[in-house]
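The block underneath contains the structure these notes are about, expressed in structure tokens.
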Amino acid sequence: MPLRRLRKFQELGHQIVFIIGDFTGLIGDPSGRSKTRPMLSREQIASNAQSYAEQVGRLLDVSQCEIRYNSEWYDQMTPPTS
């Protein structure tokens with residue numbers, strides 16, 4: 001449903017920014033409790049991101065979307081100091 005709403009916004013002339021959460025894939029589940037969130041390589045993440053873009057392309061005009069990755073922000077973070 002959210003993608004259909006985005007499609008409507010796109011049809012009305014709005015710029016869609018599609019954010020792919022690749023940073024989570026890099027860290028996986030740091031607690032080690034979840035086997036469903038393993039750490040992924042950058043190559044695996046790039047492949048998954050391509051798949052997401054293809055899936056979104058079924059509803060949105062991806063050529064008119066801005067595709068961004070949350071690692072653009074999170075890669076710049078520094079660990080907290082005590």
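Brief remarks on what is shown
- Tabulated pairs, the range 67-82, first in contact (Cβ under 8 Å) with a residue 60 or more places away in the chain and over 18 Å from residue 16 (Cα atoms), second loosely packed, with under 13 Cβ neighbours inside 10 Å and of a type in the set (A, V, I, L, M), C-beta under 6 angstrom, 6+ apart or interchain: none
- Residue that is modelled with the lowest pLDDT, among those in the range 10-43 that are in a loop (DSSP other than H, G, I, E, B) and in contact with a Lys or Arg (Cβ under 8 Å, 6 or more places away or on another chain): 29
- Of all residues in the range 44-82 being farther than 23 Å from residue 15 by Cα and loosely packed, with under 11 Cβ neighbours inside 10 Å, the one that is modelled with the lowest pLDDT: 82
- Here is the figure for the range 63-82: residues that are touching a strand residue (DSSP E or B) at 6+ places or on another chain (Cβ under 8 Å), farther than 16 Å from residue 26 by Cα and not in a strand (DSSP E or B) total 1.
The values are calculated or read from the model by the stated rules, or taken from the named source; none is laboratory data. Nothing here was measured: the structure is a model prediction, and the numbers come from that model. Cβ sites come from the backbone with ideal geometry, for glycine too, and all protein chains shown count toward neighbours.
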